1. Identify all residues within the range 240-249 that are in contact with a helix residue (DSSP H, G or I) (Cβ under 6 Å, 6 or more places away or on another chain) and surrounded by fewer than 24 Cβ atoms within 10 Å (Cβ to Cβ); write none if there are none.
2. If you take the residues in the range 212-239 that are free of Cβ contacts under 8 Å to residues at least 40 places away in the same chain and farther than 13 Å from residue 81 by Cβ, which one is surrounded by the fewest Cβ atoms within 10 Å (Cβ to Cβ)?
3. Take residue 44 and tell me if it is modelled with pLDDT of 85 or more, surrounded by fewer than 24 Cβ atoms within 10 Å (Cβ to Cβ) and within 24 Å of residue 234 (Cα to Cα).
4. Looking only at the range 80-106, count how many residues are in contact with a helix residue (DSSP H, G or I) (Cβ under 6 Å, 6 or more places away or on another chain) and surrounded by fewer than 23 Cβ atoms within 10 Å (Cβ to Cβ).
5. Give me the residue from the range 250-285 that is outside any helix (DSSP H, G or I) and under 20 Å from the mean Cα position of the chain (by Cα) and, out of that set, surrounded by the fewest Cβ atoms within 10 Å (Cβ to Cβ).
6. With respect to residue 273, determine if the residue is without any contact (Cβ under 8 Å) to a residue 60 or more places away in the chain, closer than 22 Å to residue 136 by Cβ and out of contact with any strand residue (DSSP E or B) (no Cβ under 9 Å at 6 or more places or on another chain).
7. Let me confirm something: among 288, 330, which residue is within 18 Å of the chain's Cα centre (by Cα), part of a helix (DSSP H, G or I) and modelled with pLDDT of 75 or more?
8. When the range 174-206 is examined, which residues are found to be modelled with pLDDT under 60 and farther than 16 Å from residue 238 by Cβ?
């Protein structure tokens, strides 16, 4: 626990929690008003950063964090179905081209940031990961990255993608009233709660990175695709998980980490623009090859979270099944390739990065 600043009276845990919750409600409420898809996770993260850097932080119990990971795994599984897998198989060549092109652009930008010394190598690569921001935050720390800086990069791009895709959809299709939250499919809530409980229980006892998340992905994937039961995560399950994950990341920030993040803001902003722009350019060949409209192709290749894309797509007439299939394929590819590429490539970049000029130490 951080030591209070000189001359200030230490606050009780209850008052610290009250301050954190009030800040979270205010910030998240503002994000919901402007229909920012990632607001329910971004708001708690910003609130956590504020209280942590003012030495008013609290501690998130480990079982809560494990449960949030299990919920996130169920959210990922809930977006899978045989129809999406059939779409991926039917368009396997196009999906492969699009998915690996986006990954190449994103990791290429991350490698450049690492070589320039803007961010440590592994952190820069995870922070440039194209999609699955909440999942990447949970597992990147186990593979040598700083989850605080990676979260800063990931969610800065989430905001940029949400704004840019909303603007493009508005310009192409005209104004439309988008829902605050993505529509939830029906499913077996009792079995899902049991899956979350089992994944949390086992995850707390298995010493592997992000164990509750991986267990929920594995067991839930088997149940979902085999038809044993349908995994569903309504908002009353998602929102607490968003809060816990956002708080857990934000409360890890210190003043020094925040200064480093803000110092790298111009480079992160420019790199995010390049990633978004590069993925937008990929929309043209995807639209031609898949015989779909350009807006659908743009949303399919956009490097944002699946929830954000569903929210934006729900307000316009687009090829939603193709978009979800493309986003899901990339999410699965990033989950598989991220750990394989980020750690060894990040270490190599840290040893071969450009030496800092004028004696500045970027780390």
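1. Answer for the range 240-249, where residues must be in contact with a helix residue (DSSP H, G or I) (Cβ under 6 Å, 6 or more places away or on another chain) and surrounded by fewer than 24 Cβ atoms within 10 Å (Cβ to Cβ): 244, 248.
2. Once the filter is applied, the top-ranked residue is 236.
3. So residue 44 fails the test.
4. 7
5. So, considering only residues that are outside any helix (DSSP H, G or I) and under 20 Å from the mean Cα position of the chain (by Cα), the one surrounded by the fewest Cβ atoms within 10 Å (Cβ to Cβ) is 252.
6. So residue 273 fails the test.
7. 330
8. Residues satisfying the conditions are 174, 175, 176, 177, 178.
The values are calculated or read from the model by the stated rules, or taken from the named source; none is laboratory data. The shown structure was predicted, so the numbers you read here are calculated from the model rather than taken from an experiment. FYI the Cβ positions are ideal-geometry reconstructions off the backbone, even for glycines, and counts take in every protein chain you see.
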